Amino acid sequence: MTVDLVIAGRRIRLCSREGVDIRPDERFRAFEMPCEERNILFIDAAPGILTGADTGIPDTAFPFIPVVAEPDLVVEVEPGAGEIPAGAVKVFDAHLMEEVPGGVRNSGEPFWEVFSGEGVTCARVFLKDTERTALLVMPHGAMRWRIFADTLHDATDSDSPHESYTADNLHQDYSDKSSEAQPQSGSGCYNSGKSSAPESFDTDHLTHDFSGDKSEAQSHTRAAREKHGSDLTTDSTIAGTTNITVDPFPWPLDGLLLYFLFSRGGDIMIHGSGVLCGNRGWLFTGRSGSGKTTLARLFDSAGDRVIHDDRLVLRREDGRWMMHSTPVYRNDEPRSAPLNHLWIIRHGVANVSEPIAGAEAVAMILANCIQQNWDGAAAARLAAAADDLAASVRVSRLSFMPDTTIRDYLRLRGTEEKQLGAATVIEMLGEGRTVSVTAGGFSMWPAIRPGDTVVIGPHGAGQAAAGQIVALRRDGGFVLHRITRVETVSGHQLIVTCGDAAARADEAAGPETIIGVVLSVTRAGRQLPPPRRRLPRWINRIWAMVAGWMRG
Amino acid sequence: MIMITLSSIPSHSPAVVYRRINDEYLLIPLTGNIADMDSLYRLTETGAFIWEKIDGKRAISDITSKIVEEFDVERDVAEKDALEFFREIQEFLQFREP
């Protein structure tokens, strides 16, 4: 049997041998896709042909060649016991958290653990019935993994139709290994070994369907496991033969599989609420209790599209970053949107945003990512992705009041920056006046940083010179870039500009694109001296900054 | 507590992942092979300059010489600051004596 799931744009093909039926949990229903897809070449070869609703002619009237879609990952699903590969040692184990008044505490009960061996990584999860485990086996460099969806430890269960381990040999197995490997212990939260608080889910249904069942699917608490754990393997009689029906993703194995899949692909899994407000994709991330669900509810109530309010996948696609929903709740569905601005949120007494950039922005993103990195390569991959994300989309801290004013604040803020402010500046420079603006982008980092006050004056004809930072007309507004070259081609002057932090130069343009020249840059109330290198502080401990701001 | 002196030779620890971001470095400690995202360090421009001079061959005194060449600072001040720097980020480094 074959079942395809397409999650955040990645096709996962679940396969089982004859006699084994695959039945994913309800929360994956909307993510199931046919294994075959329409041959796109046929459509391309016959431009102008419309099908289906466009013509009134049913799709079936058009011949097409079905092709089997190429999966990103193939997972062989087995109902039987899994075996940790010989030589693999435990490198991480997470314990189940218990909700207690005022927070959560580590119950000390095993929840999931990771083994690493020669060319393979395994993740084993402990299910509702704590004597049952499921195992995910991931050979390195291969996109063909195996899931053993049900292991019975109890030797008395030997009548089970599938293979089984005895409790003795399993316990002996990894107790020996753990004594050798001295694995790290974690809280069981995806965020990090240190993080402890799972999301606090409200039970109220929101007005739209995106969170109708806040089922704690990703909470690592005992209550969540009680709710999600189920009899994983059942026998059923179909046409006179006994088939085994398997849930391929016994919770919380689904979250681990998705994490490994997306992590290895260079994607980012992050806790947050993603919304599409107008044509702007905004992602709000922060620690538990920072207001992610509150913001999702506010935007949802205003009619905006909520991509997801708990766990999203971020990926660079076709030159831009996109955010995708993942199956968490029972009525989730695939949703995607471009990501334009990422906000690190916390509750406040006023709506205030402050742009951040560079290492600080990357650190803030990393602190909210879902990660279980026990190897440097995975951490480096995540850091590289976060670096690219921070350089590509705007990142800001946001203190907000939990009411509708925050939506207006963010919408007006964008409009002001993009249109009104730019138009006014262009008009004033055209009148020969000097204007002062607040920088908001990163393209001129570190010469001009977000929040700097930049004084721009009129730019006289024929004054363009390499090294000048100038204001250039761009998309109805303007950008500040540096002139890198001035050329004369066929008697016409051409200006080549580039952002100091940009990888490639702008397209050469005539001097008429210059609307002003930067006269000075002021940072924190101080006009910057000439670029002589000075001895600043050696080091900033991000921990203090992150913790102080986010928990303060 | 490791005794760090000007003759100590630092090298980057395998228990840290580092990444240059603009003119800064972000240090991600792998505490027992678990990336600890709650304890990220940022090296500013000057810290990044020193970090890049750490190669497992140069002693701290040699790195101090590079600092004096590059920056407008007296040697005794640079030595004091460099030792302070290395002591502060020693968890990301390994040291040996010549």
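Each value in this text was obtained by applying a stated rule to the coordinates, not by laboratory testing. Just so you know, these numbers come straight off a predicted model, no measurement behind them. Using ideal geometry, Cβ is built from the backbone for each residue, glycine included, and neighbour counts are taken over all protein chains shown.
Brief remarks follow.
- Using distinct alpha-carbon pairs, which all enter the 1/r mean, Kirkwood radius of segment A:430-527 in Å: 13.7
- Sites A:Thr405 and B:Arg75, calculated FRET efficiency, Cβ-Cβ separation with R0 56 Å, nearest 0.05: 0.50
- Value of [θ]222 nm, deg cm²/dmol, for chain B, DSSP H segments ≥ 4, -39500 (n - 2.57) each, nearest 500: -10500 deg cm²/dmol
- Per-pair calculated FRET efficiency, R0 = 51 Å: A:Ser301 and B:His12 via Cβ, rounded to 0.05: 0.50
- Once both labels are positioned 7 Å from their Cα atoms along Cα-to-Cβ, the gap between A:Asp318 and A:Ala350 label points is 4.2 nm.
- Nitroxide proxy distance, nm - points 7 Å out along Cα→Cβ at A:Leu528 and A:Thr453: 1.6
- Here chain B is treated as an ellipsoid with the same Cα gyration tensor; its semi-axes, largest first and in whole Å, are 22, 16, 11.
- Compared with the direct C-alpha span, the chain from A:Leu519 to A:Met33 gains 169.2 nm at full extension, assuming 0.36 nm per residue.
- Stretching A:Ala69 away from A:Glu131 to a fully extended chain increases their span by 18.5 nm, per 0.36 nm per residue minus the current alpha-carbon distance.
- Each residue of segment A:109-116 was assigned a 3J(HN,Hα) from its phi angle through the Karplus expression (A = 6.51, B = -1.76, C = 1.60, θ = phi - 60°), giving 7, x, 10, 8, 8, 10, 10, 10 Hz with x at Gly and Pro.
- Compactness relative to 2.2 N^0.38 Å, alpha carbon Rg of segment A:267-403: 0.99
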